[in-house]
Amino acid sequence: MIEFIKRNQNKNNVFLVFGSVNNNLSRLLKNNFECEFIVKEYKRVTFGKLAEKAEYFCLIK
């Protein structure tokens, strides 16, 4: 994915990437691109248990 974005970044493309906070992809994005991470926290009920989740959104121009 990183190589794909690098190859197509200068062709007027914009990429929106999202995923779980602190996963491998977020680290790779931080190391290879200058992009702003927006973190969204929310609560979710799964099998009757309440859990707090966090996801990031990253826009690469």
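With a 1.4 Å probe and every protein chain kept in, tell me what percent of the accessible surface of the chain is carbon plus sulfur.
Details: 2530 of 5070 Å².
Carbon and sulfur atoms account for 50 percent of the accessible area of the chain.
Entry comment: accessible area of the chain is 83 Å² per residue, from protein heavy atoms only and a probe of 1.4 Å. Between Lys11 and Leu25, the contour length at 0.36 nm per residue exceeds the alpha carbon distance by 2.8 nm.
Counting only protein chain heavy atoms and rolling a 1.4 Å probe, the accessible areas of Ile2, Ile60 rank, largest first, as Ile2, Ile60.
Give, as a single signed number, the net charge of other residues whose beta carbon lies under 12 Å from the beta carbon of Tyr42, with Lys and Arg counted +1 and Asp and Glu -1.
It works out to a net charge of +1.
One chain, two ends: Glu55 and Phe18. Fully extended at 0.36 nm per residue, the span grows by 12.6 nm beyond their Cα-Cα distance. This model, with +1 at the C-beta of Lys and Arg and -1 at the C-beta of Asp and Glu, gives the chain a dipole about its Cα centre of some 120 debye. Think of the chain as having a plus end and a minus end, set by charges on the Cβ of Lys, Arg, Asp and Glu; of Phe47, Ser26, Gln9, Phe47 sits farthest toward the positive end of this dipole.
Grab the other residues whose beta carbon is less than 14 angstrom from that of Tyr56, score K and R as +1, D and E as -1, and report the net. Show your work: numbers first, answer last.
Values: positive: Arg27, Lys30, Lys40, Lys53; negative: Glu36, Glu41, Glu55.
Net charge around Tyr56: +1.
Partner aspartates and glutamates whose Cα lies under 16 Å from the Cα of Lys61, excluding those fewer than 8 positions away in the same chain, are identified as Glu3, Glu34, Glu36.
The values are calculated or read from the model by the stated rules, or taken from the named source; none is laboratory data. Quick caveat: nothing in here was measured; it's all calculated off a predicted structure. Here Cβ is always computed from backbone atoms with ideal geometry, including for glycine, and neighbour counts include all displayed protein chains. For the accessible areas, the whole protein counts, side chains as well, though only heavy atoms, and no ligand, DNA or RNA atoms are used. Shrake-Rupley method; radii C 1.70, N 1.55, O 1.52, S 1.80 Å.
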